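Asker: Take this structure first; my questions come after.
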Amino acid sequence: MAQTPAFALNIRQQEILTYVQRESFVTVENLANRFQMTPQTIRRDINLLAKLNLLQRYHGGVSLPCSAENIAYGARQGLQSDEKRRIAALVAEHIPDQATLFINIGTTTEEVAKALSRRRNLRVITNNLNVAAIMSAYPGCEVIIAGGVVRARDLGVTGEETIDFIQRFKVDFGIVGISSIDTDGTLRDFDYREVRVAEAIIANSRTVFLVADHSKFVRPALVKLSDLSKIDALFTDQPIPESLVAVFKEANTDVHVAAKIAG
């Protein structure tokens, strides 16, 4: 099954992107000092990130692109790839054999699909054709694809038919990705069609696992999905920001942090 090719950013470029996501706007001089690089090198990094629509250039500085649109799927595949793999491996430890699952659209949820290769006799319902292609080859794994409209950019399936289909089931685990966890614990995304499908998944799962790397904390995104009280556990790669600790505690949402692999 064809996929949009990922563009691999180097470590510095990924760190620049994460820093801008946290600070909202930074100057070239600030970036040069922080990463101990020449302004010329930083500008080359910024030019590349802007070309990929990951950042937006302004006179003297850089910020995130408009929050109404998510980063292109192919570019997202190359971002925080190691972190996503570690998150996925930790999620897989919490999924038993013979479990029933929803898995939605997203590059992190696709990594979870890969990490579940050692589980047996799973039943998976997904609106992500990439997930379906990955898991259909696993021994004893039954994959059910939700109907709807297929998006060419990421092979996600959305629409009223998708929601109606998902609402027919009740599964053990819903595994959902997200674009943003806001300061008040609101979960946000960029596409209202994805949000409606994710809401159906959350409502029809006995246990809901949210998978999100650290770049999703306090990131701007347009559409409200849900709030943390609907999430049983977050799987991420870094401790949550101090500003969110009380929010997670009030929501009674567990936090699992995937450890870095030594060496």
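Asker: Starting from residues that are among the hydrophobic types (A, V, I, L, M, F, W, C) and within 10 Å of Glu111 (Cα to Cα), keep the ones in region 78-90 and report whichever is surrounded by the most Cβ atoms within 10 Å (Cβ to Cβ).
Answerer: Among those that are among the hydrophobic types (A, V, I, L, M, F, W, C) and within 10 Å of Glu111 (Cα to Cα), it is Ile87.
Asker: Still on this structure, I have one more. Somewhere in region 209-226, is a residue more than 16 Å from the chain's Cα centre (by Cα) and touching a residue at least 24 places away in the same chain (Cβ under 8 Å)?
Answerer: No, region 209-226 contains no residue that is more than 16 Å from the chain's Cα centre (by Cα) and touching a residue at least 24 places away in the same chain (Cβ under 8 Å).
Asker: For region 94-119, give me the residue count where each residue is modelled with pLDDT of 95 or more and assigned to a loop (DSSP other than H, G, I, E, B).
Answerer: Of the residues in that region, 8 qualify.
Asker: Let me ask something else about it. Report yes if Glu15 is acidic (Asp, Glu) and either surrounded by 14 or more Cβ atoms within 10 Å (Cβ to Cβ) or within 22 Å of the chain's Cα centre (by Cα) (or both), otherwise no.
Answerer: yes
Asker: Going by the conditions given, is Arg206 surrounded by fewer than 19 Cβ atoms within 10 Å (Cβ to Cβ) and assigned to a loop (DSSP other than H, G, I, E, B)?
Answerer: Answer is no for this residue.
Asker: So, one more: Restricting to region 145-189, count the residues that are among the hydrophobic types (A, V, I, L, M, F, W, C), surrounded by fewer than 18 Cβ atoms within 10 Å (Cβ to Cβ) and outside any strand (DSSP E or B).
Answerer: Summing the residues that are among the hydrophobic types (A, V, I, L, M, F, W, C), surrounded by fewer than 18 Cβ atoms within 10 Å (Cβ to Cβ) and outside any strand (DSSP E or B) in region 145-189 gives 2.
Asker: How many residues does region 129-144 contain that are free of Cβ contacts under 8 Å to residues at least 12 places away in the same chain and crowded, with 20+ Cβ neighbours inside 10 Å?
Answerer: 0
Asker: Further question: From the list Asp154, Asp189, Asp213, which residue is of a type in the set (Asp, Glu), on the phi < 0 side of the Ramachandran plot and at pLDDT 90 or above?
Answerer: Asp213
Asker: If you don't mind, there's one more thing I want to ask. Scan Ile175, Ile145, Ile181 and give me the residue that is assigned by TED's automatic domain parsing to the domain that holds Thr109, of a type in the set (A, V, I, L, M, F, W, C), modelled with pLDDT of 95 or more and under 14 Å from the mean Cα position of the chain (by Cα).
Answerer: Matching residue, one of Ile175, Ile145, Ile181: Ile175.
Asker: Can you pull out every residue in region 108-128 that is out of contact with any Gly (no Cβ under 7 Å at 6 or more places or on another chain) and buried (at least 19 other Cβ atoms within 10 Å of the Cβ)?
Answerer: Glu110, Glu111, Val112, Ala113, Ala115, Leu116, Arg119, Leu122, Val124, Ile125, Thr126
Asker: Would you be able to say whether some residue in region 65-87 is at pLDDT 90 or above, touching a strand residue (DSSP E or B) at 6+ places or on another chain (Cβ under 7 Å) and either assigned by TED's automatic domain parsing to the domain that holds Ile178 or not in a helix (DSSP H, G or I) (or both)?
Answerer: yes
Asker: Hey, does region 238-255 have a residue that's part of a strand (DSSP E or B) and more than 20 Å from Asn127 (Cβ to Cβ)?
Answerer: yes
The values are calculated or read from the model by the stated rules, or taken from the named source; none is laboratory data. Predicted model, so just to flag it, every value in this text is computed and none were measured. Using ideal geometry, Cβ is built from the backbone for each residue, glycine included, and neighbour counts are taken over all protein chains shown.
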